[in-house]
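See below for the structure under consideration.
The values are calculated or read from the model by the stated rules, or taken from the named source; none is laboratory data. Computed from a prediction, not measured in an experiment: that's the story for all the values here. With ideal geometry, Cβ positions are generated from the backbone for all residues, glycine too; neighbour counts draw on all protein chains shown. The area values use the complete protein model at the heavy-atom level, side chains included, leaving out ligands, DNA and RNA. Shrake-Rupley method; radii C 1.70, N 1.55, O 1.52, S 1.80 Å.
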Amino acid sequence: MSNKENKESMRSLYRDWMVSLLKRMINRPENISSVNALLWGVAWLIIGAILAWHFKFVTTSMVGYTTSGYVPLIWQVAIMLVMWVSFGVVYFAFGVMRNRQAGIVDLFGRMLYAHWPVTLLLVPGMIMNRAAYATFMSDASVAFKLYPLQSAVMAIFVVAIAVWALYWGYVAFRRATQRSGIVTLVCYVIATPLAAYLSQLVLEALRKGMSW
């Protein structure tokens, strides 16, 4: 085999490896086992709680954070757990409608695992202006008026994370329900905003009812 052929073979192997890796990453919530999905999901939930505690943030829903004063770590973990249960209940309800045999542990675990990219929404708040971050997370239109450059950067980041998390969520939902097709997609599309809204209501009630 000539050097040219050898190089071309190496490039082909590298391309195949990259394509295979990309496919595994894209479909990770579907390929991971139920137990590993739950364990990794819980691990990332705890990591998110620790980061929020250390940098003084608090989650406001399954898709949002804001700046805060000091919140004890135990409360951060409790808030994350409540958030998980509140959005998981909605997905489970729709999952059971799609397939009565859907397992509660499998569905809750996979949806939690698919949710972990949302933890990355903490990153802009760690490295950028906290006031700009809090304003953007509560009202993006106001943030663009007050902090246009920082808001533009955060918008790009948030859109990328949203696409990632939404796709992973659908893959996890499809795998947990053992159903695919348009009906499953519609169930997921309806369940997602409902899950976000319920988690927001529950967390607001929790913050009003508790003090730390």
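The peptide list 135-141, 171-177, put in order of mean Cβ contacts within 10 Å with the highest first, becomes 171-177, 135-141.
Give a quick list of trypsin sites (Lys or Arg not before Pro) in region 79-114 that DSSP marks as loop, anything other than H, G, I, E or B, with at most 12 other Cβ atoms within 10 Å. Listed in order of number, the matching sites are ARG100. Here the spin labels are modelled as points 7 Å beyond Cα on the Cα-Cβ line, and at ILE104 and LEU201 they lie 2.1 nm apart. In order along region 59-68, the phi-based Karplus estimate (6.51 cos²θ - 1.76 cosθ + 1.60, θ = phi - 60°) of 3J(HN,Hα) comes to 6, 10, 6, 5, 10, x, 9, 8, 6, 8 Hz; Gly and Pro are listed as x. Ligands, DNA and RNA excluded, the heavy atoms of TYR197 present near 130 Å² of accessible surface to a 1.4 Å solvent probe.
In debye to the nearest 20, how big a dipole does the chain give about its Cα centre with +1 on each Lys and Arg Cβ and -1 on each Asp and Glu Cβ?
Result for the chain is approximately 260 debye, rounded to the nearest 20.
Relative to one another, the C-alpha centroids of region 159-212 and region 47-63 are positioned 18 Å apart. Which one, (1) 0.98; (2) 1.05; (3) 1.17, gives Cα Rg over 2.2 N^0.38 Å as derived from the coordinates shown? Label (3) holds the value from this structure.
A simple spin-label model places the labels of VAL123 and ALA160 0.6 nm from each other, with each point 7 Å out along Cα-to-Cβ.
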